[in-house]
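Only the coordinates and a few stated rules stand behind these numbers; no lab work does. As the structure is a computational prediction, the values presented were derived from the model and not from experiment. Cβ placement follows ideal geometry from the backbone for every residue including glycine, while neighbour counts extend to all protein chains displayed.
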Amino acid sequence: MTGWKVAGQEVWAPHVRRLAYNVHIMMKSTELRRNLFAVLERVVAGDTVEIAYKGSCVRLSPGGASSKLARAKRQDSLLCDPDSIVHSDERLASKMKDKWRKDWNKL
């Protein structure tokens, strides 16, 4: 594979996984055809690639990224009703409240 064009200069760095946070790459359609899957991997990683084809410029860029929280699947971690834990021992709860009141009164 030939080097990537970054900011108009050809760069070859096989030991460097990523040159910058957001790299803008320009190439011809024949180079895209030769390295299709490598180019797609770079786009998925966040790089923008412009391909020159029949005098026009086609841009490949990663889709709208969603946050990790938005992609997280809800998982129930408790095997019981949460209210049963909170209201499980009234004596213990009252002792804890008394202790908290004493601590707050010291302040």
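Can you classify the stretch 52-107 as rounded, prolate or oblate using the Cα gyration tensor, where a ≥ b ≥ c are the square roots of its eigenvalues, rounded means a/c under 1.5, and otherwise it's prolate if a/b beats b/c and oblate if not?
Here the stretch 52-107 falls in the oblate category.
Any idea what the dipole of the stretch 57-107 comes to, in debye rounded to 20, about its Cα centre with Lys/Arg Cβ at +1 and Asp/Glu Cβ at -1?
Roughly 360 debye for the stretch 57-107.
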